[in-house]
1. What Rg and what Dmax come out for the chain when only alpha-carbon atoms are used, in angstroms?
2. What is the dipole size for the chain, taken about its Cα centre, with +1 at each Lys and Arg Cβ and -1 at each Asp and Glu Cβ, in debye to the nearest 20?
3. For Cα pairs less than 8 Å apart in space and 6+ apart in sequence, what is the mean separation divided by the residue count of the chain, i.e. the relative contact order in percent?
4. Accessible area per residue of the stretch 1-137 at 1.4 Å probe, in Å²?
5. Which aspartates and glutamates have a Cα lying under 19 Å from the Cα of K94, excluding residues fewer than 8 positions away in the same chain?
6. Helix 6-24 sits at what angle to the longest principal axis of the chain, using alpha carbons and giving 0 to 90 degrees rounded to 10?
7. Using only Cα atoms, what is the ratio of the radius of gyration of the stretch 1-83 to 2.2 N^0.38 Å?
8. With a 1.4 Å probe and all protein chains kept in place, how much accessible area does L34 have, in Å² rounded to the nearest 10?
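The values are calculated or read from the model by the stated rules, or taken from the named source; none is laboratory data. This is a predicted model, so every value here is computed, not measured. Because the Cβ atoms are built from the backbone with ideal geometry, glycine has one as well, and the counts that use them run over all protein chains shown. The protein model used for the area step is the full one, side chains on, heavy atoms only, and it has no ligands, DNA or RNA in it. Shrake-Rupley method; radii C 1.70, N 1.55, O 1.52, S 1.80 Å.
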Amino acid sequence: MTTTTEEDREARITLIRTYWDVLMAADMVAFRKLLAPGAVIHYPGQNYMSGDYRTTDDIVGLYTQLTQFIKDGVFVGEVLDITVGEIFTTVILKYEIRMPIKTLQGRATGIFILDENHLIKEYWLHEWNQQMINWVFRSSRWFGWVTKLLPKKRKK
């Protein structure tokens, strides 16, 4: 059994905070640099984005789609907690999905395995309400063209 050093713990927390910051900024150039060679992202659910993403280009493509929700002001989130274990680094997120009709509250857990250089090697995202997220993504394709016609909600 190996123990996690304080230096390793801090590096892993820094990576997760950097990951979140570049996503909220929709900075795909910086995001790409956080991925280890051969990284795999598991995005569960039953919607058009669900699946395993196994190449850097596919992973960046997924996050390019996801960050469009951020750019449009639909998704606003924050990190609640980061935990570091011997193998896994876990982040708990809370967010709002601001849709034209209502605002949905959500939470998610991200489970990361980082490589020796503190780059993302493998990542699983688990929504606390997967049914809601499936509905949001299915609906976004169905009425996405309508939302472009509606005024955006202002930040609180």
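1. Answer for the chain, Rg first and Dmax second: 16.1, 57 Å.
2. Approximately 1240 debye in magnitude.
3. 22
4. 53
5. Straight-line reach from K94, under 19 Å: D21, D72, E78, D81, E127.
6. Once rounded, the angle reads 20 degrees.
7. Details: Rg = 14.3 Å, N = 83, 2.2 N^0.38 = 11.8 Å.
Taking the Cα Rg and dividing by 2.2 N^0.38 Å, one obtains 1.21.
8. 20
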